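Have a look at the structure below, then the notes.
The values are calculated or read from the model by the stated rules, or taken from the named source; none is laboratory data. Treat the numbers as computed from the prediction; the structure is a model and nothing was measured. As a convention, Cβ positions derive from the backbone with ideal geometry for all residues, glycine included, and neighbour counts pool all protein chains shown.
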Amino acid sequence: MLETSLPVQGGCFCGKVRYEISNTVRKVVNCHCTMCRRTSGAPFVSWLVVPKTGFRYTAAQPRHLKSSTEGDRYFCKDCGTPISCIVSDNKKYIDVTLGSLDKPEDFEPDSDFYEDSRLKWL
């Protein structure tokens, strides 16, 4: 992870959903699971893992998608940008899409999840 100052801000493509991270980022990861691929349309999704106590929406609330029995995903209802995910076995944290940050270049993934699902050409 690169050096960055708090708060970290971000939002969706159309600008209606905005958020702020005011707590230290726990981890930055790439997820290769099939659900991340299908909900994003990308070969993998990069996430910031942050304590829920340090995350808040500052503009419109995103729409909710129950993507599995273990996962709740949130996205902009107008432009479709994936914003966050809360996984049931890790409810103290919220995963925030790296690509929705105002300055994604401030963070670099340091690990990969679900590598058994990783596309062979990556």
Considering each residue of region 83-115, count those that are more than 13 Å from the chain's Cα centre (by Cα) and without any contact (Cβ under 8 Å) to a residue 60 or more places away in the chain, and give that number. 5
Among the residues listed as Phe55, Phe13, Phe44, the single one being under 22 Å from Leu122 (Cα atoms) and in contact (Cβ under 8 Å) with a residue 40 or more places away in the chain: Phe44
What's the total number of residues in region 23-49 that are at pLDDT 95 or above and in a loop (DSSP other than H, G, I, E, B)? 4
Looking at Ser84 and the list (1) small (Gly, Ala, Ser); (2) in a strand (DSSP E or B); (3) farther than 15 Å from Glu20 by Cα, which single condition is not satisfied? (3)
Looking for something surrounded by fewer than 19 Cβ atoms within 10 Å (Cβ to Cβ), in a loop (DSSP other than H, G, I, E, B) and hydrophobic (A, V, I, L, M, F, W, C) - is there at least one such residue anywhere in region 7-15? yes
Taking region 50-71, which residues are assigned to a strand (DSSP E or B), of a type outside the set (Ser, Thr, Tyr) and out of contact with any helix residue (DSSP H, G or I) (no Cβ under 8 Å at 6 or more places or on another chain)? Val50, Pro51, Phe55, Arg56, Arg63, His64, Lys66
Among (1) charged (D, E, K, R); (2) farther than 15 Å from Gly15 by Cα; (3) without any contact (Cβ under 8 Å) to a residue 24 or more places away in the chain, where does Arg63 come up short? (2)
